Amino acid sequence: MADGMINLTIDGAPVSVPPGTLVIEAAKQAGVLVPHYCYHPGLPVAGVCRMCLVEIEKAPKLQIACATTVTEGMVVKTQTAPSKSARQSVLELLLINHPLDCPICDQAGECELQDFVFQEGRDGTRYGEYAKRFNPVEDFGPDVLYVPNRCILCTRCVRFMEDVAKEPVLNVSERGDRAFIGIHPEARLDHPWAGNVVDLCPVGSLLSKDFLHKARAWELDKTASICTGCSQGCNITLDTRDEVVVRVRPRPNLEVNRYFICDHGRMHYKWMNRGDRIEAPLIRRDGELKATDWDEALDRVAGILRGASGTAVALVSPGASSEALALAKRLLSGFSWTGAFQVVMGEEAPLPGVPNLALRAERAPNAKGAENLGYSRDYARALEAAKTAAVVLVLDDPDCAVEASGALIYLGSVLGADAPCRRADVILPIANVAEEEGTFTNCDGRDQRYYQAKPAPGMAQPAAWVLGELTAALGLAELTR
Amino acid sequence: MTASHTGSYEPVFVGAVMEELQSVFQRYPNKQAALLPTLWIAQREHGWISDRIMAEVAEVLGLTPAYVKGVVTFYTMYHQHPVGKNFVQVCTTSPCNICGAEGVVKAFLEHTGAGDAGATSPDGKWTIVEVECLGACGFATPVLINDDFLENVTPEKVPDIVKKYR
Amino acid sequence: MGFPHKPHPKETVVLSQYFGDVEARTHKGWVKRGGYEALAQALKMDPAAVTEVVKESGLRGRGGAGFPTGLKWSFMPKEKKKPHYLCVNADESEPGTFKDREIMRWTPHALLEGTAIAAHAIRAEIAYIYIRGEFTEPWTIMERALAEANAAGVFGSIKVYLHRGAGAYICGEETALMNSIEGKRGNPRIKPPFPAAAGLFGMPTTINNVETLAAVPPILKRGAAWYKGLCLSNPKSTGTKLFSVCGHVQRPGNYEVTMGFPLKGLLYDMCGGPPAGRTLKACIPGGSSVPILTREETESCLLDYEGVVEKGSMLGSGGVIVFDDSADMVYQIMRLARFYAHESCAQCTQCREGTAWTTKIMERILSGQGKTKDLDLLLDLSENMTGKTICVLSDSCAAPIVSGIKKFRGEFEAYLAGKRQPVMVG
């Protein structure tokens, strides 16, 4: 056992944790999940739900695991009769005014009230004949609804706004069983990070309007991904239902985004489901773009590249994967090469309670990756160079204002009716971030992997695959950097 | 978060009232701690604590209106609605109850025309409420009319009291 | 002294000596009566020495918990690194208790003097006296006394401020009171940290009840040994205690007796017993939060911390509520449950939901719609409301329920069996 560590026993399992660790966290190490509601590792401890009452040897009464610090030799028991009966009582009390409307509740299936009642609740209520309290649904903000009847007053939302967002727009109003989560009528829950209260809510009391009645939790497939909303690189989960992305939620990463994502990132997914996609490779034949198969399209590009010499320009999206960006550069390694990207900028919106976490001004996930690979931020100069280049490669930048006198190759997922890339010699359909696996480098230089959440439409392929095929065809696959 | 001041709202914390508040600030290490006294001043000046006043108090103390509302709704003595000119609080907790407090409430409701507990009489003069323990159980039944603390009130004494305050 | 009644010969009058004496309210009058001599004496002493005297006297907290006062003071950091605060708990709200009100009304300077001595002992530069919002008269009197004391410069470098509550029983809980001074909802805090480590504004803080502090000047003046000698029964309970007696007695009021005095003597000799023709049925000896005593228990109970515990209840704040044979115990217990449901701060689940549910069950029993199993349900709920929450408000709701069902089960059963006229409550 390591020096300076505290040794204790939880449900018979010995664990060794740093001093200052809370019993509830130490229990996780012993493989024990102590049921809880108000406790959340990303928030200050409140100790109010009283669900995590456990027995600690030598303590005169049950203690809450979320506010008790470990001590040497401590013996914690979570499954004894007093502890179980205390939890069962809390569950019964939390349900007395609960509407039990799980069939129409968005939280059903991922509801901690459902889960713990299922796990250790009573068979039935003894509250039976008494009237339940009723309060109407309230509109808290642009994306948040409050259903007070389902609220268990764990105060996670209040603490998030107060201590993490540092903008206390939510409160606990009134006292006793009349209490509810309140807001001032002149205020809105519209902080740029407010949406986190929906994730933090352990029950179906705070709901996302965007996700309202969209899917049942158990129908969702979950894929680890990286948010493309800015250069922060927040870890997210893409929730898909029938191959459509329906929700973005934060995936904990203590180094990057802790437990949170901003509302911009949360809403930055609808484009992933766009229907107007390029679904087949297109090559110019008799002056017109014609659909073809991958073999012919790749042959055509390889032919163009073999037949050209001099300068080449790559105009790339800072949302493309590092793999694709590296291969695009390699593909053009026989040319005098210029590569550049442009980033849409927006207003920075920090989350005050978490150092180094913000919606970054750079609204793209991989500008740093592009920069590391030698792509320039001088997009104007690259556009100018494109005018006279022998070959211009546009990667995933549908609005690129390119003017090319040489060959123009466009790899993209969409293309507007008047987009300059319509004039390309070859157009190759690629997957978007939800449809491929890849790597982004965030603003702090951290490389993070994202995974495929749904299939790409039609014949679209990941850009890295397309560019890999082309480098292989040109015999550049073995090239060392 | 937005908190706008529109309409014909007249701020409470100006002039002498603001000066009074400045002296309240001297008692505490931060402005938030002055919240309860600030609300007392607001209620004294305006009669009750409206949402608009909460927003003003929030602005004056560097808090948010929602925070202020959370605090206002915790304490039963801050009126969240207008009340009658005479706000009558009758203690009906157990020790007073056994000494006949319910009769005192009934007498006040009858003689003031307030009708129901919590409602304000049509002439706007009376609001009668039942409250929990006023801390004068040995002087049952204690009644608080505005800031006047009356002891040993019985139903028989109510008509005279009402006459005095009318 | 049982103001407004004449002092009873068996009373030991220390704190209540000047109750009813209007002149004692003024600074001049207080000084004339030997006031502020103890403070002058204390300020010449080392803070630790003052604490030692109080420790030696055996004085215990008069707010309800009975924690030794000197020991509490000694928990303050020895080495002063941060500001220290003193909070004075004048949020007297426990049903049945009205002693602090009388201290502030009649002898405001006794409280101010005790406050200044305590502040010196714990080396606090600021003391806040938290007075419940409903105490309009004590507030005015205290405000006037404080102005006089300040004008007379009695506090030296110590600053004393009044802070008015606004209607919340729970603010009498020490950490809730601190939150309330800080401009927050009066929510009790989880402990640790304890106030001596991180209390008001996160700084080392001591909090004492009004009566506790009012007892400090006489202790300093007359010596720890004198105070310690005021003891009729258990040596762990010393000094005098003000008992507020209310309910069904002929002379309700405050009575000051030496610790260990028989409850029977208090109720019958001093208060005149129940109204003519009535007999005593039950008594809550320490404010509404403590278990109810039967007549037999009441009549054999000694009034000190240990004596009341021996009878299965607690001395608490010394608020004695008396019920005679006309009282409907089921109805009265419902009133108490309703009080706690009204006052629950809403933090802990068991308290927020449990107090309200308990009240509903009690109301239903009274309405004649109760079921036999309701009593077991009440007991089970009470069990889960005891020792499970941040503070003891839900325990306080459970105490009269559990003791009531145990001791007056017949009255409950009469409602359940339809043998009592239902009472409609709303």
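The values are calculated or read from the model by the stated rules, or taken from the named source; none is laboratory data. Everything quoted here is computed from the prediction, not taken from an experiment. Cβ coordinates were reconstructed from backbone atoms using ideal geometry, including for glycine residues, and neighbour counts include every protein chain displayed.
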Problem - Conditions (1) more than 24 Å from the chain's Cα centre (by Cα); (2) part of a helix (DSSP H, G or I); (3) farther than 12 Å from residue C:401 by Cβ; number of the one not met by residue C:379 - result: (3)
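If you take the residues in segment A:101-124 that are within 30 Å of the chain's Cα centre (by Cα) and in a loop (DSSP other than H, G, I, E, B), which one is nearest to the other protein chains (Cβ to nearest Cβ)?
Residue satisfying both the conditions and the ranking: A:111.
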Handout entry: Total residues in segment A:445-460, condition touching a Ser or Thr at 6+ places or on another chain (Cβ under 9 Å) and of a type outside the set (A, V, I, L, M, F, W, C)
Key = 8
Handout entry: Tally, over segment B:43-74, of residues that are within 7 Å of another protein chain (Cβ to nearest Cβ) and surrounded by fewer than 21 Cβ atoms within 10 Å (Cβ to Cβ)
Key = 1
Exercise for the section: Please verify whether segment C:370-382 includes one or more residues that are within 30 Å of residue C:60 (Cα to Cα) and more than 8 Å from chain A (Cβ to nearest Cβ). Expected result: yes
Problem - Residue list for segment C:251-281, filter: among the aliphatic types (A, V, I, L, M), within 18 Å of residue B:98 (Cβ to Cβ) and more than 20 Å from the chain's Cα centre (by Cα) - result: C:276, C:280
Exercise for the section: Being farther than 18 Å from residue B:76 by Cα and among the hydrophobic types (A, V, I, L, M, F, W, C) is the filter; apply it to segment C:338-351 and report the residue that is farthest from the other protein chains (Cβ to nearest Cβ). Expected result: C:351
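The rows are residues; the columns are (1) in a loop (DSSP other than H, G, I, E, B); (2) over 19 Å from residue A:84 (Cα atoms).
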{"site": "A:15", "(1), (2)": "no, yes"}
{"site": "A:31", "(1), (2)": "yes, no"}
{"site": "A:37", "(1), (2)": "yes, no"}
{"site": "A:44", "(1), (2)": "yes, yes"}
{"site": "A:47", "(1), (2)": "yes, no"}
{"site": "A:50", "(1), (2)": "yes, no"}
{"site": "A:58", "(1), (2)": "yes, no"}
{"site": "A:66", "(1), (2)": "yes, no"}
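Restricting to strands (runs of 3 or more DSSP E) lying wholly in segment A:125-186: which have 1 or more residues that are out of contact with any strand residue (DSSP E or B) (no Cβ under 9 Å at 6 or more places or on another chain)?
A:138-141
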Fill in the blank from the handout: Exactly one of A:75, A:32 is more than 12 Å from chain C (Cβ to nearest Cβ), of a type outside the set (Gly, Ala, Ser), more than 30 Å from residue A:352 (Cα to Cα) and surrounded by fewer than 20 Cβ atoms within 10 Å (Cβ to Cβ), and that residue is A:75
Fill in the blank from the handout: Subset of segment A:204-248, residues in contact with a Phe, Trp or Tyr (Cβ under 9 Å, 6 or more places away or on another chain), over 25 Å from residue A:365 (Cβ atoms) and not polar (S, T, N, Q), comes to A:206, A:207
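Scan segment B:44-68 for residues that are touching a Phe, Trp or Tyr at 6+ places or on another chain (Cβ under 6 Å) and in a helix (DSSP H, G or I) and jot them down.
B:52, B:60, listed by residue number.
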Practice task
Can you give me the ranges of the strands (runs of 3 or more DSSP E) entirely in segment A:280-362 with at least 3 residues that are free of Cβ contacts under 8 Å to residues at least 60 places away in the same chain and over 21 Å from the mean Cα position of the chain (by Cα)?
Solution key: A:288-291, A:336-341
Fill in the blank from the handout: Residue count, segment B:69-98, condition assigned to a helix (DSSP H, G or I) and closer than 16 Å to residue B:45 by Cβ, comes to 1
Completion exercise
Checked pairs for segment A:162-178, first at negative phi, second among the charged types (D, E, K, R) and crowded, with 24+ Cβ neighbours inside 10 Å, C-beta under 7 Å and 6 or more apart or across chains, list as A:171/B:69; A:172/C:185; A:173/B:69; A:177/C:352; A:177/C:353
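Is it the case that some residue within segment B:14-35 is part of a helix (DSSP H, G or I), in contact with a strand residue (DSSP E or B) (Cβ under 7 Å, 6 or more places away or on another chain) and facing chain C (nearest Cβ under 9 Å)?
No, that holds for no residue.
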Exercise for the section: Show the residue pairs that are 6+ apart or on different chains and have beta-carbon atoms under 6 Å apart, the first residue being within segment A:388-413 and assigned by TED's automatic domain parsing to the domain that holds residue A:332 and more than 16 Å from residue A:465 (Cβ to Cβ), the second being in a loop (DSSP other than H, G, I, E, B) and of a type in the set (Asp, Glu). Expected result: A:407/A:425; A:408/A:425
Practice task
From (1) more than 20 Å from residue B:75 (Cα to Cα); (2) modelled with pLDDT under 95; (3) out of contact with any strand residue (DSSP E or B) (no Cβ under 6 Å at 6 or more places or on another chain); (4) small (Gly, Ala, Ser), pick out the condition that doesn't hold for residue B:119.
Solution key: (1)
Exercise for the section: Residue by residue through segment A:438-447, note down the ones that are part of a loop (DSSP other than H, G, I, E, B) and either buried (at least 17 other Cβ atoms within 10 Å of the Cβ) or at positive phi (or both). Expected result: A:442, A:443, A:445
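Against the condition in contact (Cβ under 8 Å) with a residue 40 or more places away in the chain, part of a helix (DSSP H, G or I) and at the interface with another protein chain (Cβ under 8 Å from one of its Cβ atoms), how does residue C:323 come out, does it pass?
No; evaluated as a whole, the condition is false for this residue.
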Practice task
Collect the residues in segment A:205-219 that are assigned to a loop (DSSP other than H, G, I, E, B), surrounded by 19 or more Cβ atoms within 10 Å (Cβ to Cβ) and not small (Gly, Ala, Ser), keeping them in residue-number order.
Solution key: A:210
Problem - Within segment B:123-142, tally of residues that are more than 9 Å from chain C (Cβ to nearest Cβ) and either in a loop (DSSP other than H, G, I, E, B) or buried (at least 20 other Cβ atoms within 10 Å of the Cβ) (or both) - result: 7
